[in-house]
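Each remark here refers to the structure printed beneath this line.
The values are calculated or read from the model by the stated rules, or taken from the named source; none is laboratory data. Just so we're clear, the structure is a prediction, and the values are computed from it rather than from any experiment. We place every Cβ from the backbone using ideal geometry, glycine too, and count neighbours over all the protein chains shown.
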Amino acid sequence: MSKQVPPPKKGPGKEIEPIDLKSALEERYLAYALSTIMHRALPDARDGLKPVHRRILHAMRLLKLDPQQAYKKCARIVGDVMGKFHPHGDQAIYDALVRLSQDFAVRYPLVDGQGNFGNIDGDNAAAMRYTEARMTEVATLILEGITEDAVDFRLTYNEEDEEPVVLPGAFPNLLANGSSGIAVGMATSIPPHNAAEICDAALHLIKHPNASMEKLVEMVPGPDLPTGGIIVEPKASILEAYSTGRGAFRVRARWEKEETGRGGYVIVVTEIPYQVQKSRLIEKIAELLLARKIPLLEDVRDESADDIRIVLEPKSRTVDPHILMESLFKLTELETRISLNMNVLSGGIVPKVMNLREVLREWLDHRREVLIRRSRHRLANIEKRLEVLGGFLIAYLNIDEVIRIIRFEDEPKAKLIARFELTENQAEAILNLRLRALNKLQEVEIRREFDELTAEKDGIEKLLASEEQQWKTIAWEIGEVRSTFSKDTEIGARRTSFGEAGEIDFEAVQQAMIEKEPVTVVVSEKGWMRAMKGHLADFSSLSFKEGDKLKRAFHAVTTDKLLVFTTGGKFYTLGVDRLPGGRGHGEPIRIMVDMDNDQDIVSAFAHRPKGRLLVTSAAGNGFIVAEADIVANTRKGKQVMNVKLPDEAKLCVRLPDGEGAPDAVAVVGENRKLLVFPFEQVPEMARGKGVRLQKYKDGGIADIRVFRLDDGLIWQDASGRNFARSRAELAEWMGVRAGAGRMVPKGFPRNGKFGWRQ
């Protein structure tokens, strides 16, 4: 509990007021958060604009910067926006103005810029004193009806002017141009869409208010990005994104193969993903090229002019272009994810994540409100004009009496009102009538105008009385927008297409990102690993730390995967390219994977995707496992053989492929008993304890070998001499799995091992 210190009653500190810090922070941070959410970061669902964009368009309208008018300096526009409506930095306002003009940033630019407004390489626009701007047709559509009481106005920050709370928004700007922003505790991210498709969906929603999301997504199949590209997101994922208002879209660059003659080719990228800077993209590819992370690529060139043309030259004509591009998609921004988070201000007040139907409904309801307000405004003007015209007609019918009253009466206005039962406005209009307007032709013109306005008034009254008629009018307005921005027009043609990522061998892609070089993998008894360059023929010259020695050495290439089997029954997977180099003694495996300290390496070898292994435990249990089932994707490895202390995994034998497949298994125990049984009695499993291979009273397994009976059983003694026993000679050791076996033949090595055979 904090101690309250009372303020001094006298002296210079008497104006100090004690405030609880916690409540003050909560109150003021909440005020800041609300200000950020409502007045800076989130767009209004009705017109799709943030306050700064709305104020820019309003200021440009007041400056009469219509599409048909001359350009004006951006400094003039920014000055008006900052001085009258938006009390923030001029650079922030100018940056917003610049973005509204960039055809690679917004799908339908609202500002028509003249001068240097930046480019897709990420270069900045020229200073505002050098550039000029005016509005586009899209901006005039968004502002259409603003002078007809279509929207509410509020006082500006200094209460000297008024600004619109929201714009009429005849153009579906929120989805068509998208929006992005970060507020306090929330954010928004809406990619641009095709205006014609949005109008189609809105028209369908007018006819079918309960339209299914599937039907709406069929009409709005996905974003239509300013820079084109290909969306490779599955349809189910796109539907879920639009149904929930949250999701993402995978976007890839558009590329084509261009023949160069003599069997050679280059890959030309013509469209890149949205919001990717072309210069940074090329720099990244060049960096990867220098780092030898993309061995299939020889060179990258930027041959872009007004259009995009990035040339990728493969290492050789035999390189598969699809595998090359897949490796680039994986490593660079040639593939990106465009997020969707339709977090907008509903009614300009409530932040809410909306789905596609709700966003369209918010826009349509706003259009109806604008239609009703404009109609009422027009009706009021018509009634006012009809009142005046009615007075004129009375005057023309009684022209002589009117002239007499005006000439001879002291108070002609009051006399006219009393004599002809006129209103104040009618009497005032008659008194202001010019003499030249008293001719017969003018009377005919007034009668015609009166009849036309009366008919228009009847039509507006019917419109205001009928909701059905209102929706028909809105549908007509949306239809006009749709025809203006149809897919047959240059600006309305869809730029982003849809495709599938394709069935690509990701193993091949992974290998394509590694330069293929021969190495010799060296594993020591204490678990230190390294990769020596080249295929070494003599392993005797290898050096190790004191007290350590060679356990296993074999030839591989840098694109191979290394499989390591440990006494805990786990398989770990390492990329050979990630092994430390041959300088020094390498690194311990425990640094590379999460291996327990009480476990040791049983065996290590290069992975064969279609290979099979025979694994056994010290207690004599074993089974066959496919190498495809033991590859681990994490540092934790993959538990394949289940063992419990004091038992542990002990042997791992690679089985030969194809012809010469084994039909027999020879097991020798630590008790020097040998058992030979049919290979088919060993089961194949993905994981487990296995089955008993040989029965022991004491000790466990010493060694195991798979072979063909027709070839006989071969072993090697300590001197390197080979011994063999034929099928007939092995008869007394033949049996079934889990048997005890008989003592080993004469000449069998004392260490109980069959000996190493390459």
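General remarks:
- In the set Thr260, Thr270, Thr336, only one residue is at pLDDT below 90 and either part of a loop (DSSP other than H, G, I, E, B) or among the hydroxyl-bearing types (Ser, Thr, Tyr) (or both); that residue is Thr260.
- In the stretch 409-461, the residue that is surrounded by the fewest Cβ atoms within 10 Å (Cβ to Cβ) out of those that are farther than 16 Å from Ala395 by Cβ and β-branched (Val, Ile, Thr) is Thr454.
- Boolean, Leu433 is more than 30 Å from Asn177 (Cβ to Cβ), touching a residue at least 40 places away in the same chain (Cβ under 8 Å) and not in a helix (DSSP H, G or I): yes
- Any hit, the stretch 181-193, residues being in a strand (DSSP E or B) and within 22 Å of Glu480 (Cβ to Cβ): no
- Selection from the stretch 265-300 of residues that are surrounded by 14 or more Cβ atoms within 10 Å (Cβ to Cβ) and of a type in the set (D, E, K, R): Glu271, Lys278, Lys284, Lys293, Glu298
- Cross-chain or 6+ apart pairs with Cβ under 7 Å, the stretch 447-460 first and in the same structural domain as His377 (by TED's automatic domain parsing) and in contact (Cβ under 8 Å) with a residue 24 or more places away in the chain, then surrounded by 13 or more Cβ atoms within 10 Å (Cβ to Cβ) and among the polar types (S, T, N, Q): Ile460/Ser375
- Condition met for Arg129 (loosely packed, with under 15 Cβ neighbours inside 10 Å, among the charged types (D, E, K, R) and either within 29 Å of the chain's Cα centre (by Cα) or in a strand (DSSP E or B) (or both)): no
- Taking the stretch 554-603 as the range and being among the hydroxyl-bearing types (Ser, Thr, Tyr), within 38 Å of the chain's Cα centre (by Cα) and either at pLDDT 85 or above or in the same structural domain as Gly620 (by TED's automatic domain parsing) (or both) as the test, the residues that pass are Tyr572, Thr573.
- Long-range neighbours under 7 Å by Cβ, at least six apart or interchain, first residue in the same structural domain as His58 (by TED's automatic domain parsing) within the stretch 73-88, second of a type in the set (Gly, Ala, Ser) and at pLDDT 95 or above: Cys74/Ala133; Ile77/Ala59; Ile77/Ala133; Asp80/Ala59; Val81/Ala59; Lys84/Ala59; Phe85/Ala59
- Of the numbered criteria (1) over 22 Å from Pro662 (Cα atoms); (2) crowded, with 16+ Cβ neighbours inside 10 Å; (3) touching a Leu at 6+ places or on another chain (Cβ under 9 Å), the one Met743 fails is (2).
- Annotation for the stretch 659-675: at least one member residue is more than 20 Å from Met734 (Cα to Cα), without any contact (Cβ under 8 Å) to a residue 40 or more places away in the chain and either assigned by TED's automatic domain parsing to the domain that holds Ala628 or of a type in the set (Phe, Trp, Tyr) (or both).
- Selection within the stretch 202-215 - in a helix (DSSP H, G or I) and surrounded by fewer than 24 Cβ atoms within 10 Å (Cβ to Cβ): Leu203, His204, Leu205, Ile206, Lys207, Met213, Glu214, Lys215
- For Ala628, the test of being in contact with a strand residue (DSSP E or B) (Cβ under 8 Å, 6 or more places away or on another chain) and in the same structural domain as Phe677 (by TED's automatic domain parsing) is failed.
- Hits in the stretch 310-324 - residues which are over 22 Å from Ile120 (Cα atoms) and among the hydrophobic types (A, V, I, L, M, F, W, C): Val319, Ile323, Leu324
- Screening Asp200 against (1) at pLDDT below 95; (2) closer than 22 Å to Glu477 by Cβ; (3) acidic (Asp, Glu) leaves a single unmet condition, (1).
- Taken over the stretch 305-323, the criterion of being part of a loop (DSSP other than H, G, I, E, B) and of a type in the set (Asp, Glu) is satisfied by Asp306, Asp307, Asp320.
- So Lys746, is it out of contact with any helix residue (DSSP H, G or I) (no Cβ under 6 Å at 6 or more places or on another chain), of a type in the set (D, E, K, R) and within 29 Å of Asp647 (Cβ to Cβ): no
- Single match in Gly185, Gly145, Gly222 (criterion: surrounded by fewer than 21 Cβ atoms within 10 Å (Cβ to Cβ) and within 23 Å of the chain's Cα centre (by Cα)): Gly185
- Scanning the stretch 393-416 for residues being part of a helix (DSSP H, G or I) and among the acidic types (Asp, Glu) gives a total of 2.
- Selection within the stretch 571-626 - of a type in the set (Lys, Arg) and in a loop (DSSP other than H, G, I, E, B): Arg583, Arg608, Lys610
- Long-range neighbours under 6 Å by Cβ, at least six apart or interchain, first residue among the small types (Gly, Ala, Ser) within the stretch 119-140, second surrounded by fewer than 21 Cβ atoms within 10 Å (Cβ to Cβ) and outside any strand (DSSP E or B): Gly122/Gln277; Gly122/Ser279; Ala125/Asn116; Ala125/Gly118; Ala126/Gly115; Ala126/Asn116
- If you check Leu57, Leu141, Leu97 for being part of a helix (DSSP H, G or I) and in contact with a Cys (Cβ under 8 Å, 6 or more places away or on another chain), only one passes: Leu97.
- Looking only at residues of the stretch 462-484 that are surrounded by 15 or more Cβ atoms within 10 Å (Cβ to Cβ) and either of a type in the set (Ser, Thr, Tyr) or outside any helix (DSSP H, G or I) (or both), we find that the one that is nearest to the chain's Cα centre (by Cα) is Thr484.
- Candidate set: the stretch 679-704, residues that are surrounded by fewer than 15 Cβ atoms within 10 Å (Cβ to Cβ) and of a type in the set (Gly, Ala, Ser); chosen: the one nearest to Lys644 (Cα to Cα): Gly688
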